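Computed from the coordinates by the stated procedures, all read-outs in this text should not be read as laboratory data. Treat the numbers as computed from the prediction; the structure is a model and nothing was measured. Counting neighbours? That spans all protein chains shown, and the Cβs are built from the backbone with ideal geometry, glycine included.
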């Protein structure tokens, strides 16, 4: 049953009177999600560049990857806690872990900034976030949820709303023959 009347205090009023977003609201939402995609991409790419060169923000110059430092050693060796602590401490500083982590940061950053490969970026980024969440179990500020869970959900949401299409190369990317034949690359 559809009602055009909203009854204050009525739960059924919330269900019976759907409000569709206006074209203007849809456009603003697309732009906000496009901007969110760019900001998320910048955070991944910045983490890559800072760990590579050691600008002194999260990584001091003397511990940069180019100066022989390990992008994974500090976080995994010093922050690992909870049920997976042994696993993460064992792989801290391993060459393969450093390479995978850095390639992941660079790939995620570029994909999100450009708005291409959003499905792959969403899945791999969410997996990276969940792994970082599992390093510090239980989270310090909340027994279940922290910013890693939020980041994982944001990445999945960005892919679902096709955020790469706004202020990105998503529309062009989707028209490429390889993407047309392998839709998971969207």
Mean residue ellipticity at 222 nm from the helices of the chain, using -39,500 (n - 2.57) per DSSP H segment of n ≥ 4 over the full residue count, to the nearest 500 deg cm²/dmol? -19000 deg cm²/dmol
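Apply 1/(1 + (r/R0)^6) to the Cβ-Cβ distance of residue 169 and residue 66, taking R0 = 30 Å, and write down the FRET efficiency to the nearest 0.05.
Approximately 0.55, to the nearest 0.05.
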Packing-wise, with mean Cβ within 10 Å as the measure, how do 36-49, 112-125 rank, highest first? 112-125, 36-49
What order do you get for 157-163, 129-135, 77-83, 92-98 when each peptide is scored by the mean count of other beta carbon atoms within 10 Å, highest first? 157-163, 129-135, 92-98, 77-83
Calculate the radius of gyration of the Cα atoms of the stretch 130-186 to one decimal place, then report Dmax, the largest Cα-Cα distance, as a whole number, both in Å. 16.0, 46
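For the stretch 24-185, take the alpha-carbon Rg, divide it by the Kirkwood Rh, and send me Rg/Rh. Write out the running numbers ahead of the final one.
Numbers: Rg = 17.0 Å, Rh = 16.7 Å.
Looking at the stretch 24-185, the ratio lands at 1.01.
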Which FRET efficiency, nearest 0.05, do residue 153 and residue 110 yield, Cβ-Cβ r, R0 22 Å? 0.55
How many nm separate the modelled label positions at residue 77 and residue 32, each set 7 Å beyond the Cα in the direction of the Cβ? 4.4
